[in-house]
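Undergrad: Got a structure for you, written out below as structure tokens; questions coming shortly.
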Amino acid sequence: MFLPLRKEKPLRQEAVALYTEAMTASRRPPFYEALAVPDTMDGRYDLLLIHVFLILHRLLDRADGKPSDLSQALFDVCFEDIDQALRESGVGDMKIGKHMKKMMLAFNGRMHAYEKASSIGMDALEEAVARNLYGTLETVPEQAVKIVAAYMQDNIVFLEAQGESDIAAGRVTFQTQTLKGV
């Protein structure tokens, strides 16, 4: 009798599932306890972006280098959640736009930096991790940077081995072997 006010966006369910996995992975205690990722809004955001990057990197169409529709849906879900989190933290309507713009610029910068660095090699990836994930610290923990960069590289390979149909259905798994023993 009554139609929903908003039509469900295509691939939203799959994007929510992927985003949930990225969020869950970014909340693993070893990142904060053993690898010195700052347990702050910025630190948690940057670690989330690493996991979103890993998924987006997997979704990139290697034939033409363009993002897939699922990539756009994941981006949309990510920023809907960020918008909600900002509002819940007390950011008012008048300042949401300014905060969202800042976070979108950070997102874009991180995605480009990690994509470029991952294509160059481990030294470049380590530099990107140090600059972005640990950029708010006075002293960058070099060993932690190496472990996080290795975690990223391992997951790039690990995600490539996961079935395309699983990823398209919103099922993704991150390997944690790199985090063992830290």
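Undergrad: Just from its helices, what would the mean residue ellipticity at 222 nm be for the chain, if runs of 4 or more DSSP H residues each count -39500 (n - 2.57) and the sum is divided by every residue, rounded to the nearest 500 deg cm²/dmol?
TA: -22000 deg cm²/dmol
Undergrad: Restricting to Cα pairs below 8 Å that are 6+ residues apart, what does the relative contact order work out to for the chain? Please round to a whole percent.
TA: 31 percent
Undergrad: Also, quick follow-up: Considering only the other residues whose Cβ falls under 11 Å of the Cβ of Asp76, what net charge follows from Lys and Arg at +1 and Asp and Glu at -1?
TA: Net charge in that neighbourhood comes out at -2.
Undergrad: Next up: At 20 angstrom or more along the helix axis (alpha-carbon based) and mean Kyte-Doolittle of 1.0 or higher, what helices does the chain contain? Whole DSSP H runs only.
TA: Helices meeting the span and hydropathy rule in the chain: none at all.
Undergrad: Of the labelled options [x] 1.00; [y] 1.19; [z] 1.06, which one gives Cα Rg over 2.2 N^0.38 Å as computed for this structure?
TA: [z]
Undergrad: In addition: For an R0 of 25 angstrom, estimate the FRET efficiency from the Cβ-Cβ distance between Ser89 and Ala34 and round to the nearest 0.05.
TA: 0.40
Undergrad: Fewest Cβ neighbours within 10 Å first, please rank Phe107, Phe31 accordingly.
TA: Ordered by Cβ neighbours within 10 Å, fewest first: Phe107, Phe31.
Undergrad: If I take R0 = 25 Å and measure r between the Cβ atoms of Glu164 and Met23 in this structure, what FRET efficiency does the formula 1/(1 + (r/R0)^6) give, to the nearest 0.05?
TA: In this case the efficiency is close to 0.65.
Throughout, read-outs are computed from the coordinates displayed, never taken from laboratory work. No experiment lies behind these values; they were computed from the predicted model shown. Backbone-built Cβ (ideal geometry, glycine too); neighbour counts: all protein chains shown.
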